[in-house]
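The values are calculated or read from the model by the stated rules, or taken from the named source; none is laboratory data. Only a predicted model underlies this, so the values are computations on that prediction, with no experimental measurement involved. With ideal geometry, Cβ positions are generated from the backbone for all residues, glycine too; neighbour counts draw on all protein chains shown. Please note that ligands, DNA and RNA were not included when accessible areas were found on the heavy atoms of the full protein model with its side chains. Shrake-Rupley method; radii C 1.70, N 1.55, O 1.52, S 1.80 Å.
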Amino acid sequence: GEAEITIVELLRCLEKKEDISVINGVIFRKDNKIIFTPGRERIKNLDELPFPAWDLLPDLAKYYCPPVHTLKKIPAALLVTSRGCPGKCMFCDRSIYGNRCTMYSADYVVEMIIELYEKYGIKEIQFRDDNFVVFAGRLRQICEKLIEKKLNLVWSATGRVDMFKSELLPLMKKAGCWQIWYGIESGSEKVLKVIKKYTTVEQIKNVVKLTKENGIEPCGFFIIGHPTETKDSIEETINLACELPLTESHFTFMTPFPGSELYQNATRYGYFDNDWKKLSGWFPVFIPYDLTKKDLEYYNKKSFIKFYFRWKIIISYIKKLRSWKHFKVYLNGFLSLIEYIVKPRKF
């Protein structure tokens, strides 16, 4: 479960050499047996937790840079401001939070941002919550407070096309939001139902279009090799990615992560190489019955080539260049993409 309270109790217990079996939320080995203590209760008020100890890390502005395709200003930092998602996608791990969502308050979030901005010189915040936009009331409050503070700062977020109020887009833009990553996953209506995404291609098109019209860059997460996937459904996904006005796309392999529904029944839909060292999203560990490993590798590379090697995408990157540092960051990203496409994947 959540570790913040558990780890403090555990450290105190170890320091005093006391029995750790009295602590909820730990698993340990004793006399060659695995002992599970009762589960830890969810933290009711996340605002009671302290800020992350950024001071214990090397200089954020100097040593850390997020992935190039998610970056507008340098330096940037990531924040996770909520826990859980109402969605029931079969490929997501919901073993810790289930569908119960908790969040830091708008005041807490804005205070964290101000500390990063003033103390560490951060110019961009990337919200990496499972579903940042789902909390409409808090989202409005965060935007209003950021507008009031008048910080020279931009931010990006993640979300589902069916779980946020699109009328908030103008306010988000005004507050500094420049990019939203949507979990689109597939361009096939059939596949979207099988994986329990419960979104439609029409919803996807409408929200992505509205995002673009409001001056925010829409980006898409896609997965290759869903349960019941076929070559035709993968082509639908690639075609949708190129048809939508997306500025960035991410194509990973379907991976049955431990804790997900798919992890429990993956062999019902195909072959599953359950090697935890490979469960990163970048190896074809799950192969649907109608496809082969070579098929998945071919379509994964094709998706990147077909999406990124278009003039409008290339020109969009050129327009983003604002300094020599930006150029070096984008060049390294481009070279990494070429290496990923050209080199055979080995583990």
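Per-residue answers, yes or no, for (1) within 24 Å of T158 (Cβ to Cβ); (2) loosely packed, with under 12 Cβ neighbours inside 10 Å; (3) among the acidic types (D, E):
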residue: I20; (1), (2), (3): no, no, no
residue: G25; (1), (2), (3): no, no, no
residue: K33; (1), (2), (3): no, yes, no
residue: R40; (1), (2), (3): no, no, no
residue: L56; (1), (2), (3): no, yes, no
residue: C65; (1), (2), (3): yes, no, no
residue: L71; (1), (2), (3): yes, no, no
residue: L79; (1), (2), (3): yes, no, no
Subject >> Members of region 189-204 found to be open to solvent by 80 Å² or more (accessible area, probe 1.4 Å) and modelled with pLDDT of 95 or more, listed by number >> reply: K190, K193, E202
Original post:
For region 3-18, what are the residues that are of a type outside the set (A, V, I, L, M), open to solvent by 100 Å² or more (accessible area, probe 1.4 Å) and either in a helix (DSSP H, G or I) or closer than 18 Å to Y97 by Cα (or both)?
Top reply: R12, E15
**OP:** State which residue pairs qualify: first residue on the phi < 0 side of the Ramachandran plot and inside region 271-286, second residue open to solvent by 30 Å² or more (accessible area, probe 1.4 Å) and part of a loop (DSSP other than H, G, I, E, B) in any location, beta carbons under 7 Å apart, and separation of 6 or more residues or different chains.
**Re:** K278/F347; L279/F257; F283/R345; F283/F347; V285/D273; V285/D275
**OP:** Take region 302-341 and flag every residue that is modelled with pLDDT under 75, of a type in the set (A, V, I, L, M, F, W, C) and either closer than 24 Å to C242 by Cβ or in contact with a His (Cβ under 7 Å, 6 or more places away or on another chain) (or both).
**Re:** L321
Subject >> Members of region 253-269 found to be touching a residue at least 40 places away in the same chain (Cβ under 8 Å) and either of a type in the set (S, T, N, Q) or not in a helix (DSSP H, G or I) (or both), listed by number >> reply: F253, M254, T255, P256, F257, P258, G259, S260, Y269
Original post:
Which residues, taken from region 228-264, are open to solvent by less than 40 Å² (accessible area, probe 1.4 Å), over 26 Å from Q179 (Cβ atoms) and at pLDDT 95 or above?
Top reply: E229, S233, P256, L262
**OP:** Under 6 Å between Cβ atoms, at least 6 apart or on separate chains: pull out the pairs that start in region 207-230 with a residue that is part of a loop (DSSP other than H, G, I, E, B) and hydrophobic (A, V, I, L, M, F, W, C) and end on any residue that is modelled with pLDDT of 95 or more and open to solvent by 10 Å² or more (accessible area, probe 1.4 Å).
**Re:** I216/K173
**OP:** Could you look through region 175-206, keep only residues that are among the acidic types (D, E) and part of a helix (DSSP H, G or I), and pick out the one that is nearest to A76 (Cα to Cα)?
**Re:** E202
